[in-house]
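Below: the structure, in structure tokens.
The values are calculated or read from the model by the stated rules, or taken from the named source; none is laboratory data. None of these values were measured; they are calculated from a predicted model. All Cβ positions, even for glycine, are placed from backbone atoms using ideal geometry, and neighbour counts span all protein chains on display.
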Amino acid sequence: MRKKEKDTLVYQVAEEIYAHYPHLWERFGQNGRDRTEEDNHHHLDHLSAAYEMDSVDFFIDYTTWLNNVLTSRGVGTFLIVDNFERLARLINDMECEDEKEQQSFIEYLQKALQHLETFPSKR
């Protein structure tokens, strides 16, 4: 996935999340919004690495680590689930040069979502 596509995707996900959860502005402010974009760049970087290694387990390990870090900072698992669902939908809707990469990203996100179902969801 090209940088411009990633940047657009990251912006769209963050916009949707903050529109759907306006209380996040009050709780985390602009810094939280910036961190959401930063986190989504990390999600895409890890998806790319998992794709290059042909390893869904790599992305599952990242998801476990991410859940541990974010829940320790008061961000519930449900927001990670929401984020990954938005990423999968938006990636699916994109026109990508590499269809195999696109489908792998979606598959990895779906597997990570199944994995997140095993964690307690704190709201």
Next item on the list: Enumerate the pairs (first residue in segment 1-23 and among the polar types (S, T, N, Q); second residue anywhere and assigned to a helix (DSSP H, G or I)) with beta-carbon separation below 7 Å, excluding pairs fewer than 6 apart on the same chain, so at least 6 apart or on different chains.
Entry: 12/90
Note to self: Against the condition closer than 17 Å to residue 111 by Cα, assigned to a helix (DSSP H, G or I) and either at pLDDT 95 or above or not acidic (Asp, Glu) (or both), how does residue 85 come out, does it pass?
What the structure shows: yes
Note to self: If I filter segment 90-99 for residues that are in a helix (DSSP H, G or I), in contact (Cβ under 8 Å) with a residue 60 or more places away in the chain and on the phi < 0 side of the Ramachandran plot, do I get at least one hit?
What the structure shows: yes
Checklist line | Only listed residue being at positive phi, modelled with pLDDT of 95 or more and not β-branched (Val, Ile, Thr), chosen from 34, 54 | finding: 54
Margin query: For segment 111-123, give me each residue that is touching a helix residue (DSSP H, G or I) at 6+ places or on another chain (Cβ under 8 Å), over 14 Å from residue 55 (Cα atoms) and in a helix (DSSP H, G or I).
Written below: 113, 115, 116
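Which one is surrounded by the fewest Cβ atoms within 10 Å (Cβ to Cβ), of the residues in segment 74-100 that are closer than 24 Å to residue 15 by Cα and among the charged types (D, E, K, R)?
95
Based on this model, can you work out whether residue 71 counts as surrounded by 16 or more Cβ atoms within 10 Å (Cβ to Cβ), out of contact with any Asp or Glu (no Cβ under 9 Å at 6 or more places or on another chain), part of a helix (DSSP H, G or I) and hydroxyl-bearing (Ser, Thr, Tyr)?
Considered against the rule, which asks whether it is surrounded by 16 or more Cβ atoms within 10 Å (Cβ to Cβ), out of contact with any Asp or Glu (no Cβ under 9 Å at 6 or more places or on another chain), part of a helix (DSSP H, G or I) and hydroxyl-bearing (Ser, Thr, Tyr), residue 71 comes out as yes.
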Next item on the list: Could you tell me whether segment 34-42 includes any residue that is surrounded by fewer than 17 Cβ atoms within 10 Å (Cβ to Cβ), out of contact with any Gly (no Cβ under 6 Å at 6 or more places or on another chain) and not in a helix (DSSP H, G or I)?
Entry: no
